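Contents: one structure, followed by commentary.
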Amino acid sequence: MSILFSPLAVGPKTARNRLWVSPMCQYSAIDGMPQEWHHVHLAQFASGGAGIVMTEATAVSPEGRISPDDTGMWSDAHRDAWAPIVAAVRARGALAGIQLAHAGRKASTSSPLNGQRGSVPREHGGWQTVAPSAIPFEGLATPVALDHDGIDRVVEDFAAAARRAVEVGFDVVEVHAAHGYLLHEFLSPLSNHRDDEYGGSLENRARLVLRIVSAVRRAAPDLALLVRFSAYDWADGGFTPDETATVATWAAERGADLFDISSGGLVAHQRLKTGPGYQVPFAAHVRRTAGVPVSAVGMIDDAAQAEAILEAGDADAIMAGREWLRDPHYALRASIELGVDIDYWPAQYLRARPARVRAA
Ligand SMILES: Cc1cc2nc3c(=O)[nH]c(=O)nc-3n(C[C@H](O)[C@H](O)[C@H](O)COP(=O)(O)O)c2cc1C
């Protein structure tokens, strides 16, 4: 029996398996609108057997975009543009997920597809960034510290985007609180130097993300609610795995169903050590310490490795990014490698399913 290919209930939804598509920016939107590229890109993973197909970081407001070419969900027109994509993913048996995001001080940066780096100047369509404190990410423009009205607006923007996600039929909403974007900037003492109720103690640094989890839960009571955290900043004085476990406990009390455990992205001087499964220990720590469901992500590129992580009890599910780009049918291939006969091969592709799997 394969754990990877057993279904997993995530709050009110059930994923058909535990091999999911991690959010990946495509830098191919126009005014926040997903395009034909996004449709083909996301639908192919559902044909390829994914349990959940997650969109890229999708901005809850125009100023929350990482680059001018990111997708958004800040208007009903954006919601309607997502409709055919959601339908295509769901028609292929996967749960459709949307990662909702605000890029904070790392917003308004050049798309890597342009071959440029750094902040986009105003005259080329850039905008003023915001953050918990007016401390820039090394090499980027200096943000403005959010005031209380600004913080309230961010909460409302997440809630409104979640409401649109419900209206258009998404099954899963993920709050992006990782990779050095706005919510992670509030969580980490390296980027949050506030002296009001949003800074200082862990309770204060977590206040914004917890308000957002509560607001999204209210707006989307019947969706699976995930939160992505960077459990470690890979730098002295940053956010820690223990703090992540504590915040995950608080977020679970407010209705979050599963935690997607990543790391890094907050500071340019991070000392990241990558390798196969390099973030799995963080996921395992949060799962064991907080007693909450987690997914693991980061260089989990083959079926046996994914199965072993689940078997060890280090995670409840696997998110993969780049392996899906190398092989959009990663789950079909993984099922062959594990000898599991899944019943969601696209009928059009059945002649590619090996006989030994069918017989198993
Ligand atoms: C092209 C690309 C775009 C990405 N965009 C996002 C994103 O929008 N949101 C996010 O949380 N992570 C993003 N990531 C990180 C991935 O979701 C994933 O966590 C990371 O690539 C490690 O997993 P992997 O080794 O399976 O690729 C991106 C990664 C890649 C390669």
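Computed from the coordinates by the stated procedures, all read-outs in this text should not be read as laboratory data. In this text, all values refer to a predicted model and were calculated from it rather than measured experimentally. Ideal geometry is used to build each Cβ from the backbone, glycine not excepted, and the neighbour counts take in all protein chains shown.
Some notes on this structure:
- q = 0.09, 0.12 Å⁻¹, segment 8-359: log10 I(q)/I(0) [Debye, one scatterer per Cα]: -0.45, -0.81
- Note: relative contact order over the chain, using C-alpha pairs below 8 Å and six or more positions apart, is 17 percent.
- Distance from the C-alpha centroid of segment 228-261 to that of segment 24-96: 25 Å, rounded to the whole angstrom.
- Two numbers describe the Cα atoms of segment 191-233: Rg and Dmax, which are 12.6, 36 Å.
- Overall, the chain carries a charge dipole of about 820 debye about its Cα centre when +1 sits on the Cβ of Lys and Arg and -1 on the Cβ of Asp and Glu, all other atoms neutral.
- Translational diffusion coefficient (Stokes-Einstein; Kirkwood radius from C-alpha pairs) of segment 67-213 at 37 °C, 0.692 mPa s, in µm²/s: 200 µm²/s
- If you run the Gaussian network model on the chain, springs between alpha carbon atoms under 10 Å, then out of Arg117, Arg287, Arg218 the most flexible one is Arg117.
- Cα-based equivalent ellipsoid of segment 213-293: semi-axis lengths in Å, sorted from largest, via gyration tensor: 25, 13, 11
- Peptides 53-62, 227-236 ordered by packing proxy, namely the average of other Cβ atoms within 10 Å per residue, highest first: 53-62, 227-236.
- Cβ crowding within 10 Å averaged over residues, with 166-173, 297-304 ranked highest first: 166-173, 297-304
- Listed peptides 251-262, 136-147, 319-330 appear in the order 251-262, 319-330, 136-147 once ranked by packing, highest mean of other Cβ atoms within 10 Å at the front.
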